[in-house]
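Encoded as structure tokens, the structure appears first; notes follow it.
The values are calculated or read from the model by the stated rules, or taken from the named source; none is laboratory data. All values reported here derive from a predicted model rather than from experimental measurement. When we count neighbours, we look across all protein chains shown, and the Cβ atoms used for this are built from the backbone with ideal geometry, even at glycine.
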Amino acid sequence: MSELLTKMFFGGFVRLHILYHAMREPIFGVEMMEELARHGYEVGAGTLYPILHQLEQAGYLVSHVEVVGGKQRKYYRATPEGGRAMEEARAKLRELVKEVLHDDPPTPSIRTHRGSDE
């Protein structure tokens with residue numbers, strides 16, 4: 001797989017992973033970097049924080065700051081809109097997994113039937 005295609009896929013996977021965890025409980029950057037690393041995604045702060053900000057600007061996450069150990073920590077939580085987006089993504093992901101991993105034949109298209117009608 002080309003490096004560009006890998007980045008495109010993994011970027012989407014990372015976003016889904018972040019949104020999934022933010023739906024379950026408040027998350028913060030360092031914790032998410034560790035969680036993503038456990039799944040094989042080496043995501044640094046320079047990549048993760050812009051993604052968190054993008055998801056927040058899109059209305060999928062909301063943040064608040066707490067002081068932990070004398071330092072400010074920004075927590076992110078999924079919004080109702082983020083939850084709806086995650087449910088839509090889950091449906092599409094299920095469909096994709098069913099087709100790609102289980103090798104289900106694609107739904108017949110118009111082209112498949114055209115030859116028999118002519």
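Annotations for the structure displayed:
For (1) in a strand (DSSP E or B); (2) surrounded by 16 or more Cβ atoms within 10 Å (Cβ to Cβ); (3) among the aromatic types (F, W, Y); (4) in contact with an Asp or Glu (Cβ under 7 Å, 6 or more places away or on another chain), each residue gets a yes or a no:
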| position | (1), (2), (3), (4) |
| --- | --- |
| V43 | no, yes, no, no |
| P50 | no, no, no, no |
| E56 | no, yes, no, no |
| E66 | yes, no, no, no |
| Y75 | yes, yes, yes, yes |
| G82 | no, yes, no, no |
| A85 | no, yes, no, no |
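- Count - residues of region 71-96 that are within 15 Å of Y60 (Cβ to Cβ) and free of Cβ contacts under 8 Å to residues at least 40 places away in the same chain: 7
- Residue match in region 74-93 (condition: of a type in the set (S, T, N, Q) and farther than 13 Å from A22 by Cα): no
- Filtered by the rule that a residue be farther than 16 Å from A78 by Cα, surrounded by 11 or more Cβ atoms within 10 Å (Cβ to Cβ) and in contact with a helix residue (DSSP H, G or I) (Cβ under 9 Å, 6 or more places away or on another chain), region 32-41 gives M33, E35, L36, Y41.
- Filter result (within 18 Å of H53 (Cβ to Cβ) and not in a helix (DSSP H, G or I)) within region 2-39: P26, I27, F28
- Residue selected from region 1-28 under the condition in contact with a strand residue (DSSP E or B) (Cβ under 7 Å, 6 or more places away or on another chain) and of a type outside the set (A, V, I, L, M), by the criterion farthest from S63 (Cα to Cα): H21
- On inspection, A22 does not qualify as surrounded by 10 or more Cβ atoms within 10 Å (Cβ to Cβ), closer than 19 Å to E88 by Cβ, modelled with pLDDT of 95 or more and more than 12 Å from the chain's Cα centre (by Cα).
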